[in-house]
Amino acid sequence: MKLTKPFILASGSNRRRMLLRQLGFSFSVMASGVSEAVSGQMSPAAQVRALALRKAKAVSVRRPDALVLGADTIVVHRSHVIGKPATPQHAATILRSLSGSTHTVFTGLALIHGTSGRSFSAAESTEVTFGHLSNKEIQRYVASGSPMDKAGAYGIQDDMGAIFVQHIKGDYYTVVGLPLRRLYLMLTSQFADLVTW
């Protein structure tokens with residue numbers, strides 16, 4: 001699949017870059033730099049959709065000719081939203097709370113083509129169950145630095161993050177940070193005129 005317009009990822013996430021490359025897309029990266037603060041009154045799905053749209057809009061204003069992809073991921077555990085850890089100690093605390101329990105990962109994505117005025121967003125969710133983690137496992141993972149740029153302080157695609165996961169219910173790529181099936185459906189339904197094969 002290819003696009004007839006420039007494609008921009010409005011995110012600095014290495015994981016999202018990897019997934020777009022996996023699909024064979026040519027794209028550039030332009031981090032949005034927007035605030036990630038949202039109203040606590042919004043549902044988790046509404047939060048990630050709103051943030052994905054905010055990121056995509058910030059870049060689309062600068063490049064209206066391009067198709068811009070924004071995305072955002074949060075983790076919800078026992079009704080609490082968990083973003084990226086602020087410190088290594090915070091990462092360890094998050095991982096201890098997730099140990100032996102189930103949480104839900106929400107990822108929102110938004111596509112905007114400024115020139116044609118089209119803007120669409122969606123959200124997906126996946127339940128993730130962790131096995132029981134030892135303090136040594138948590139300390140080793142935190143020391144690797146990997147948890148620091150990830151919602152929920154882990155990456156399911158990481159060496160150690162992967163072995164923490166006992167079970168998932170839903171789309172694996174939602175947990176990684178970009179639900180590929182949803183992206184494909186949005187592109188082929190809402191932006192079919194920009195897609196070539």
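Values quoted throughout were computed directly from the atomic coordinates according to the rules given, and no laboratory measurement underlies them. What you are looking at is a predicted structure, and each value in this text was computed from that prediction instead of being measured. Methodologically, a virtual Cβ is constructed for each residue, glycine included, from the backbone with ideal geometry; neighbour enumeration extends over all protein chains shown.
Some observations on this one:
- For the chain: relative contact order, % (alpha-carbon pairs under 8 angstrom, 6 or more apart): 23
- Computed lengthening from SER116 to SER28, 0.36 nm per intervening residue step minus Cα-Cα distance: 29.7 nm
- FRET efficiency for the pair LYS2 and ARG181, taken as 1/(1 + (r/R0)^6) with r the Cβ-Cβ distance and R0 = 22 Å, rounds to 0.75.
- Computed from phi, the 3J(HN,Hα) profile of region 2-12 under the Karplus parametrisation 6.51, -1.76, 1.60 (θ = phi - 60°) reads 10, 10, 8, 10, x, 10, 10, 8, 8, 7, x Hz, with x in place of Gly and Pro.
- Lysines with Cα under 20 Å of LYS55, excluding same-chain neighbours fewer than 8 positions away: LYS5, LYS84, LYS150
- Centroid-to-centroid separation of region 56-78 and region 100-157 [C-alpha atoms, Å]: 16
- Using every pair of distinct Cα positions in the chain, the Kirkwood expression returns a hydrodynamic radius of 17.1 angstrom.
- Listed by chain and number, the aspartates and glutamates placed with their C-alpha closer than 15 angstrom to that of LYS2 are ASP193; residues fewer than eight positions away on the same chain are left out.
- A simple charge model with +1 on the Cβ of Lys and Arg, -1 on the Cβ of Asp and Glu and nothing else charged puts the dipole of the chain at about 300 debye relative to its Cα centre.
- Extension gain for the segment ALA46 to SER144, taken as residue separation times 0.36 nm less the Cα-Cα distance, is 32.0 nm to one decimal.
- Cβ-based exposure ranking for THR196, THR102, in which fewest neighbours within 10 Å come first: THR196, THR102
- Between VAL165 and GLU36, full extension at 0.36 nm per residue minus the direct alpha carbon distance yields a gain of 43.8 nm.
- Globularity ratio of region 60-101, using Cα Rg and 2.2 N^0.38 Å: 1.79
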